[in-house]
Amino acid sequence: MIITRTPMRIGLFGGGTDLPAYCDRHIGAVVNATVDKYVYITLHEHFDRQVRCAYSELETVPTAAELRHTRARACLEFMGVETGVEVTSVADVPAGSGLGASSAYTVGLLHALRQREFDKTGERRITALAQAASHIEIDLLGEPVGRQDQHAAAAGGLNLWLFGANGKVQRIAGCDDVLERLGDHLSLYWTGGTRSASELLAEQSRATREDKRVEDALTEMADLALTGWHYLERGDFEGAAAALNLSWLIKRELTPSIETGEMISAHQAALKAGAWAGKVCGAGGGGFFLVMHPPDYSEPKAVIPKLDKAMAPWRRVPFKLTSVGSEIVYDDNGRMEGC
């Protein structure tokens, strides 16, 4: 049996510039950080040589090709595993919440299927996992997603990612002390509902290809990602929040449906309660709402209770930023056939 634990992420800057429609022609720039909300994948040999996949549903089929779970099917086929395996998954938060759970699933399952190949240290493991997951989701499954989620899940930590043509990616990692202090300035609020990102991302990709104004706006967002990153490197979190506000205004103009009327009202209430900035996580329309604010130990004191009151009935979900990407948390050293 093998168990992997793969982190989800919060996107701070540049979301959308990692979509192939943009970064295949320009340099996309994204800043994100992983959180202690995980997808756990368990991989076990199936006694009857069938394929069993347990998630919100339970499937038992003769071969991997017959699975309805598209990511599990694609990962197993990509790795050449046809039969005799059981895959189970659990997650700390639901899919569709804006934290990149779907890509964390893909990365975690690939890691489990080739634990000895991928469980290396440093950039080799990160690159192998992220590139394989991106290839499966974008090229094989044809999903309208970007490349940031797979790379964040594989690497962990606070990172600036530069995305170029032909899948070329450069990682600039943040310092652990900045990661720790940044967490004091961030809160996540659960809006109470999930959404499918596919339609919103497909709409944005289509607009990027067809509308020069959208392309120019994304270029401005990529520039703001670099600006925000420089503020974070210096520990200037209020400056980073100002860049985040500008970036979010551009993002909201690009895709008006990204922020519902309820979200707009909550966002305004948060700013009145002392927040510096706010944004919807992921593709928008539901899931988590991220707020950037002064630390609770600064003046004026007790900013968190004020935000909690302003954001009601949404609830704040405690979390910590983490520096560790996908990892093997259990391996009984049993070598499964086909893996």
- Message: Considering only residues that are surrounded by fewer than 17 Cβ atoms within 10 Å (Cβ to Cβ), modelled with pLDDT of 90 or more and not charged (D, E, K, R), which ones fall in the range 303-339?
- Response: Pro305, Ala312, Pro313, Val317, Pro318, Val324, Ile328, Val329, Tyr330
- Subset of the range 182-213 that is part of a helix (DSSP H, G or I) and small (Gly, Ala, Ser) - its residue that is modelled with the highest pLDDT: Gly183
- Message: Scan the range 234-250 and tell me whether some residue there is of a type in the set (Asp, Glu), under 15 Å from Ser187 (Cα atoms) and not in a strand (DSSP E or B).
- Response: yes
- Going through the range 249-268 in order, the residues found to be hydrophobic (A, V, I, L, M, F, W, C) and open to solvent by 30 Å² or more (accessible area, probe 1.4 Å) are Leu249, Leu254, Ile264
- Task: May I ask you to say which residue of Pro144, Pro94 is closer than 21 Å to Asp24 by Cβ and either part of a strand (DSSP E or B) or not charged (D, E, K, R) (or both)?
- Result: Pro144
- For residues in the range 240-262 being over 19 Å from Gly228 (Cβ atoms) and over 20 Å from the mean Cα position of the chain (by Cα), which is modelled with the lowest pLDDT? Pro256
- Here is a list of conditions, (1) β-branched (Val, Ile, Thr); (2) outside any loop (DSSP other than H, G, I, E, B); (3) in contact (Cβ under 8 Å) with a residue 60 or more places away in the chain; (4) open to solvent by less than 10 Å² (accessible area, probe 1.4 Å), and Val81 meets all of them except one; can you say which number that is? (2)
- Of these, Asp149, Asp184, Asp92, which one is acidic (Asp, Glu), buried (at least 21 other Cβ atoms within 10 Å of the Cβ) and touching a residue at least 12 places away in the same chain (Cβ under 8 Å)? Asp149
- Can you pull out the residues in the range 64-108 that are closer than 15 Å to Ser326 by Cα and either of a type in the set (Gly, Ala, Ser) or over 22 Å from the mean Cα position of the chain (by Cα) (or both)? Ser89, Ala91, Gly100, Ala101, Ser102, Ser103, Ala104, Gly108
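When the range 164-181 is examined, which residues are found to be in a helix (DSSP H, G or I), among the aliphatic types (A, V, I, L, M) and open to solvent by 20 Å² or more (accessible area, probe 1.4 Å)?
Ala165
The values are calculated or read from the model by the stated rules, or taken from the named source; none is laboratory data. It should be emphasised that the depicted structure is a prediction, and the values quoted were computed from it without experimental measurement. Neighbour counts are summed over all protein chains in view; Cβ atoms, including those assigned to glycine, are modelled from backbone coordinates with ideal geometry. SASA here: full protein model, heavy atoms, side chains in, ligands and nucleic acids out. Shrake-Rupley method; radii C 1.70, N 1.55, O 1.52, S 1.80 Å.
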